[in-house]
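So the structure is just underneath, and the comments pick up after that.
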Amino acid sequence: MRLRHSAILTSTCLALWALTACSAPPSDSEPAAARAETPASTAGDHEVLPPEQLADRLLTSDDLGPGYTARPAATTTSPEASVEGCPQLEQLGSAADNPYAMFPSQGKRVFTGPGGTQLTEELYSAPPKDLSAGVGRIMTAMGACPSYQLVTPTTVAQVRTQTVPVPRSGDEQWGQVLTVTAGGRRTIVQQTVIRDGAVLLVVSGSPAEVAVHWHSALTKATNR
């Protein structure tokens, strides 16, 4: 099943970019569908934000500190890819069954950090019930298979997945670590996903980068 540019495979494609040097960009495991919940947010957090407001809430190079630069928009598109060996993830590749398609309000920024590290931040906004149901389906599918192959026109990568705990922030949290091997090289990418009311934050990159920057990303995304 062909997967066009989609947040479903953001972290995997990020790892592929690092491994192939393209111009575009641990702890005990838990059950794949596991999620942590905190008390419901207030009614004021349920307002759906338009794309321009989401763009204003994305991190900037100044927020991250010295040595970080944002990639030009033309280089942040994920390559077309196909998934083999994970029917649940293949199903999400269908445009008619892509949960993110229901979230037209979104923003994205990709950074290159010191030493060539990669960090991607994505924001989505939709009614909380829609966000919760959609991202729940995505993370369940991404964690359903312990391994699968991601095939692009130039690369075949072996992907191994592990669901990991996420600090209790926002209303719901999901975490996953992907180990991606291609061309004899291996890289590890972590994806932290947090829903806070009507805002969904997805931060992907090396585990160290995500650990350092996810909290400031959430603070800015929720305008607190």
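Structure notes:
- FRET efficiency for residue 52 and residue 158, using Cβ-Cβ distance with R0 set to 35 Å, rounded to 0.05: 0.35
- Amide proton proximity set for residue 105, modelled H, under 5 Å, gap of 5+: 125
- ³J(HN,Hα) computed for each position of segment 147-160 - Karplus, 6.51 cos²θ - 1.76 cosθ + 1.60, integer Hz, glycine/proline x: 7, 6, 10, 10, 10, 10, x, 10, 9, 10, 10, 9, 10, 10
- The equivalent ellipsoid of segment 137-202 has semi-axes of 26, 12, 11 Å, largest first, where each one is the square root of 5 times an eigenvalue of the Cα gyration tensor.
- For segment 109-149, radius of gyration divided by Kirkwood radius, i.e. Rg to Rh on alpha-carbons: 1.13
- Placed amide H near residue 49: partners under 5 Å, 5+ positions off or other chain: 126
- Couplings 3J(HN,Hα) of segment 200-207, computed from phi: 10, 10, 10, 10, 10, x, 5, x Hz, in residue order, whole Hz [Karplus 6.51 cos²θ - 1.76 cosθ + 1.60, θ = phi - 60°; x for Gly and Pro].
- Under the criterion of Cα pairs below 8 Å and six or more residues apart, the relative contact order for segment 102-149 equals 30 percent.
- Residue ranges 181-194, 103-116 sort as 181-194, 103-116 when ordered by packing (mean number of other C-beta atoms within 10 Å per residue, highest first).
FYI, it's all coordinate maths here, none of it is from the lab. What you see is a predicted model, and the numbers here were worked out from it, not measured in a lab. No Cβ is skipped: glycine too gets one built from the backbone with ideal geometry, and neighbour counts run over all protein chains shown.
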